[in-house]
């Protein structure tokens with residue numbers, strides 16, 4: 001949070017308890033003991049509604065990505081994703097760094113795909129990706145949702161500019177391949193409303209469905225754009241395999257097959273996203289989710305899948 005908001009983080013955090021108390025009162029919610037959770041950008045409290053329904057209240061940071069959660073959950077209507085019960089994104093309406101509240105059905109916070117094997121997790125994630133992408137949408141549903149066509153058009157210029165300003169943190173051929181993907185596939189990338197941060201920790205056990213996606217960052221995009229978060233997550237499993245490239249490609253194979261996405265487009269978009277990850281990490285530093293070595297390994301493997309030899 002402080003990395004993004006810098007000096008604005010402390011007053012933002014200081015105001016958060018007041019926002020939570022306001023929503024609890026307005027929505028007639030009772031805190032239900034149990035586990036209070038927090039991530040990078042939100043606090044999640046178990047609550048009971050006025051009629052005794054178990055739910056969770058999520059209050060947190062709002063920006064261009066997190067604001068897409070509400071329209072996406074409305075479109076999906078609980079099919080493959082957590083069900084949205086109520087929302088208010090105007091607690092602090094600031095364009096970047098605002099505060100919003102979501103009332104959601106309660107899932108099991110202690111049972112994510114981190115608890116099961118890699119192959120089964122990839123199968124489940126691919127199935128959820130397919131289910132979410134299959135939901136019909138209309139223009140009025142999608143206010144504020146990013147469009148991959150626009151993102152790809154920006155990346156054509158932004159990726160080379162970033163690469164140059166960082167003194168070339170990766171092989172130029174990776175950069176050139178990523179830009180080529182954006183040029184060749186970007187104009188046809190608007191297909192479905194998808195979850196572009198779908199990874200092991202963002203799928204929790206439910207009761208009405210065995211597994212449900214949470215915390216969507218939504219985009220109008222080719223579902224083939226969505227594989228990177230699962231591929232890079234739990235990287236230790238890949239890195240410690242006898243053949244890390246083979247382990248990575250096994251994940252890729254299972255995801256593409258169960259999601260029903262084109263293998264060639266998946267490799268291409270995964271390459272482009274990995275290069276964008278790589279440049280982000282080179283600028284801001286590696287973290288648990290995104291790092292230069294992991295992004296480079298994914299980009300190299302995808303470039304090989306697209307027909308070019310891997311480096312080294």
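The values are calculated or read from the model by the stated rules, or taken from the named source; none is laboratory data. Predicted model, so just to flag it, every value in this text is computed and none were measured. Cβ placement follows ideal geometry from the backbone for every residue including glycine, while neighbour counts extend to all protein chains displayed.
Go through region 138-175 and give me each residue that's crowded, with 16+ Cβ neighbours inside 10 Å and part of a loop (DSSP other than H, G, I, E, B).
Answer for region 138-175, where residues must be crowded, with 16+ Cβ neighbours inside 10 Å and part of a loop (DSSP other than H, G, I, E, B): 142, 145, 169, 170.
Of everything in region 115-137, what is more than 16 Å from residue 228 (Cα to Cα) and surrounded by fewer than 14 Cβ atoms within 10 Å (Cβ to Cβ)? Give them in sequence order.
Once the filter is applied, which keeps residues that are more than 16 Å from residue 228 (Cα to Cα) and surrounded by fewer than 14 Cβ atoms within 10 Å (Cβ to Cβ), region 115-137 yields 115, 117, 120, 136.
Tell me the residue from 187, 266 that is within 26 Å of residue 141 (Cβ to Cβ), more than 20 Å from the chain's Cα centre (by Cα) and in a helix (DSSP H, G or I), please.
187
Given the structure, is residue 259 crowded, with 18+ Cβ neighbours inside 10 Å and either in contact with a strand residue (DSSP E or B) (Cβ under 6 Å, 6 or more places away or on another chain) or under 22 Å from residue 161 (Cα atoms) (or both)?
no
Quickly run through region 192-213 and pick out the residues that are closer than 12 Å to residue 146 by Cα and part of a loop (DSSP other than H, G, I, E, B). Please lay out each step first, then the result.
Quick first cut of region 192-213, residues closer than 12 Å to residue 146 by Cα only: 192-196.
Matches in region 192-213: 196 only.
If you go through region 226-262 one residue at a time, how many are assigned to a helix (DSSP H, G or I), closer than 25 Å to residue 131 by Cα and touching a residue at least 12 places away in the same chain (Cβ under 8 Å)?
17
Could you please let me know if residue 275 is within 19 Å of the chain's Cα centre (by Cα), outside any helix (DSSP H, G or I), closer than 15 Å to residue 225 by Cα and in the same structural domain as residue 222 (by TED's automatic domain parsing)?
no
So that you can scan it fast, the table gives a plain yes or no per residue for (1) at pLDDT 95 or above; (2) more than 25 Å from residue 249 (Cα to Cα):
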residue: 104; (1), (2): yes, yes
residue: 107; (1), (2): yes, yes
residue: 110; (1), (2): no, yes
residue: 140; (1), (2): no, yes
residue: 147; (1), (2): no, yes
residue: 165; (1), (2): yes, yes
residue: 171; (1), (2): yes, no
residue: 176; (1), (2): yes, no
residue: 210; (1), (2): yes, yes
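If the requirement is being touching a helix residue (DSSP H, G or I) at 6+ places or on another chain (Cβ under 6 Å) and on the phi < 0 side of the Ramachandran plot, which of these qualifies: 171, 180, 141, 147?
Details: 171 fails: touching a helix residue (DSSP H, G or I) at 6+ places or on another chain (Cβ under 6 Å); 180 fails: touching a helix residue (DSSP H, G or I) at 6+ places or on another chain (Cβ under 6 Å); 147 fails: touching a helix residue (DSSP H, G or I) at 6+ places or on another chain (Cβ under 6 Å).
Only one candidate passes the filter, namely 141.
Could you check region 177-192 and list, in sequence order, the residues that are more than 20 Å from residue 71 (Cα to Cα) and surrounded by 15 or more Cβ atoms within 10 Å (Cβ to Cβ)?
Listed by number, the residues that qualify are 177, 178, 179, 180, 181, 182, 185, 186.
Just checking, which of 230, 252 is closer than 27 Å to residue 63 by Cβ and within 18 Å of the chain's Cα centre (by Cα)?
Going through 230, 252 in turn, the sole match is 230.
Could you list, in sequence order, all residues of region 76-95 that are farther than 17 Å from residue 197 by Cα and either in the same structural domain as residue 143 (by TED's automatic domain parsing) or in contact with a strand residue (DSSP E or B) (Cβ under 8 Å, 6 or more places away or on another chain) (or both)?
78, 83, 84, 85, 86, 87, 88, 89, 90, 91, 92, 94
Quick one: would you say residue 37 is surrounded by fewer than 15 Cβ atoms within 10 Å (Cβ to Cβ), within 21 Å of the chain's Cα centre (by Cα) and at pLDDT below 95?
Yes.
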